[in-house]
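Student: Handing you a structure now.
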Amino acid sequence: MNSPRDIADLGSQNQASASTHTVRVGRWVFGGRDLPVIAGPCSIESEAHLRETALGVRQSGAALLRGGVYKMRTSPDSFQGIGEPAFQFLAQVKRDLEMPLVSEITDPRQLPLMIDVVDMFQVGSRNMYNYELLKELGQAKKPVLLKRAFAATVDEWLKAADYVLKGHDQVVLCERGIRTFETSTRNTLDLNSVAYLKAHAQLPVIVDPSHGTGRPELITPLAAAAIAAGADGLIVEVHPRPREAKSDAFQAIGFAHFTALVDRCARVAEACDRRLAR
Ligand code: PEP
Ligand code: MN
């Protein structure tokens, strides 16, 4: 473990970096030469749904499984995630599939339930400014995937990371697109931030082309572009039957589409002297 001073240097204090700090989740490492791909549903709908999705994405080369138990939805009338009943099957599904789980924590009160089964805590865009949550996650000593708030500057994002870094150094940043005047896509995927962070910070940075574009036909091109820009991994929403997804159905991709994405990204990674972790 680094000293507190070294940890501070990883976040907003860091002015120039030659190397990326590494973050391990299970047997996968973010920030090294190999690029882990996180894939799975926006939200977990049932045990059968999670198993089917996990098997599909693993066969295509995903290293880690994503899936929301608790969802931060813009409308209180939208599906909020299945919540607590998920904890009856999550540990078993993970064991059977041998995939670490990345899942969003939306409230510090969920920590006791999640701590033993979630391998990497996702902090969603809407919670990047929830400093009490970030402080708690610093104390939890488990890897954190910190998404960029959709109107945050890179500096605000790094300062949010500093809150976790006060406690431990297992933080991966996730660019997921920002709000702009553009309406043809859900968000504008800011790949400037990826190249900027690779030049000026040390934390690993991954990219979410699903929320970054909100359009299935743009997900593979932007995933490939993210890797070309230096991203240390990807997180992608995949559903066995995309149109039936209970959240973010409009941007979900199916297994065949995900397989094509992985193949294309593997070739781009190779051209950049890196490779997908699998
Ligand atoms: C998600 O990953 O499903 C999600 C809600 O992402 P974001 O916080 O980036 O909107
Ligand atoms: Mn989603």
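The values are calculated or read from the model by the stated rules, or taken from the named source; none is laboratory data. All figures in this text were calculated on a predicted structure; none of them were measured in a lab. FYI the Cβ positions are ideal-geometry reconstructions off the backbone, even for glycines, and counts take in every protein chain you see. These area figures cover heavy atoms from the full protein model, side chains too; ligands, DNA and RNA do not enter into them. Shrake-Rupley method; radii C 1.70, N 1.55, O 1.52, S 1.80 Å.
Student: Show the residues, 5+ positions off or on another chain, whose built amide H is closer than 5 Å to the amide H of Q122.
Tutor: Close amide H contacts, sequence-distant or interchain: S103, E104, I105, L145.
Student: Then there is this: If you wrap a convex hull around the C-alpha atoms of region 34-273 and split its volume per residue, what is the figure in Å³?
Tutor: Details: hull volume 28.1 nm³, N = 240.
About 117 Å³ per residue, rounded to a whole number.
Student: Still on this structure, I have one more. Quick one: work out the % antiparallel among DSSP beta bridges in region 34-273, nearest 5. Don't jump to the answer; show the numbers that get you there.
Tutor: Values: 1 of 25 bridges.
Antiparallel: roughly 5 percent of the beta bridges in region 34-273.
Student: Would you pull out the residues with amide H under 5 Å of G40's amide H, same chain only if 5 or more places away, H placed 1.01 Å from N?
Tutor: It is R66, V236, V238, by chain and number.
Student: Here is a follow-up. On the first, second and third principal axes, largest extent first, how far apart are the outermost C-alpha atoms of region 1-147 in Å?
Tutor: 46, 35, 25
Student: Please give the per residue accessible area of the chain, computed with a probe of 1.4 Å over protein heavy atoms only, in Å².
Tutor: Values: 11620 Å² over 278 residues.
Ligands and nucleic acids excluded, the result is 42 Å² per residue.
Student: When only alpha-carbon atoms count, how far does region 153-244 stretch along each of its three principal axes, as whole angstroms with the largest first?
Tutor: Largest first, region 153-244 extends 42, 30, 22 Å along its Cα principal axes.
Student: Could you identify which residue out of T20, T259, T180 has the top mean-square fluctuation in a GNM of the chain using Cα springs shorter than 10 Å?
Tutor: Most flexible of the set in this elastic network: T180.
Student: So what are the ³J(HN,Hα) numbers for region 136-147, from phi and the Karplus equation (6.51, -1.76, 1.60; θ = phi - 60°), rounded to whole Hz, Gly and Pro as x?
Tutor: Residue by residue, region 136-147 yields 4, 5, x, 7, 6, 6, 10, x, 10, 9, 9, 7 Hz.
Student: Stretched out fully, how many nm does the piece from R215 to D273 gain, at 0.36 nm a residue minus the Cα gap?
Tutor: Working: separation 58, 0.36 × 58 = 20.88 nm, distance 2.87 nm.
Value of the extension gain: 18.0 nm.
Student: Cut-off 10 angstrom, C-alpha nodes, Gaussian network model of the chain. Which of R241, R126, R27 fluctuates the most?
Tutor: R27
Student: As an exercise, use a Förster radius of 22 Å and the Cβ-Cβ distance of F87 and A249 to find the FRET efficiency, rounded to the nearest 0.05. Could the numbers behind the result be given before it?
Tutor: Values: r = 25 Å, r/R0 = 1.13.
The calculated FRET efficiency here is 0.35.
Student: Additional query: How much length would be gained if the chain were fully extended between R126 and S46, taking 0.36 nm per residue of separation minus their Cα-Cα distance, in nm to one decimal? Walk me through the numbers before you get to the answer.
Tutor: Numbers: separation 80, 0.36 × 80 = 28.80 nm, distance 2.46 nm.
Here the segment from R126 to S46 would lengthen by 26.3 nm.
Student: Comparing P204, P41, P112, which has the greatest mean-square fluctuation in the GNM of the chain with Cα pairs linked when under 10 Å apart?
Tutor: Residue with maximal mean-square fluctuation among P204, P41, P112: P112.
Student: Roughly how many percent of the accessible protein surface of the chain is carbon and sulfur, given a 1.4 Å probe and a whole-percent answer? Before the final figure, lay out each step's value.
Tutor: Values: 5800 of 11620 Å².
The value for the chain is 50 percent carbon and sulfur by accessible area.
Student: Starting at 0 and stepping by 10 Å, how many percent of the alpha carbon pairs of region 106-157 end up in each bin?
Tutor: 25, 57, 17, 1
Student: I would also like to ask the following. Counting each DSSP H run of 4 or more residues in the chain as -39500 (n - 2.57), what helix-only mean residue ellipticity at 222 nm follows after dividing by all residues, to the nearest 500 deg cm²/dmol? Write down the numbers at each step before the final one.
Tutor: Details: 10 runs with 100 residues, N = 278.
Per the formula, -10500 deg cm²/dmol.
Student: Could you size up the charge dipole of region 127-278 around its Cα centre, putting +1 on the beta carbon of Lys and Arg and -1 on that of Asp and Glu, and report it in debye to the nearest 20?
Tutor: Details: 20 positive and 18 negative charges, 59 e Å.
Value, rounded to 20: 280 debye.
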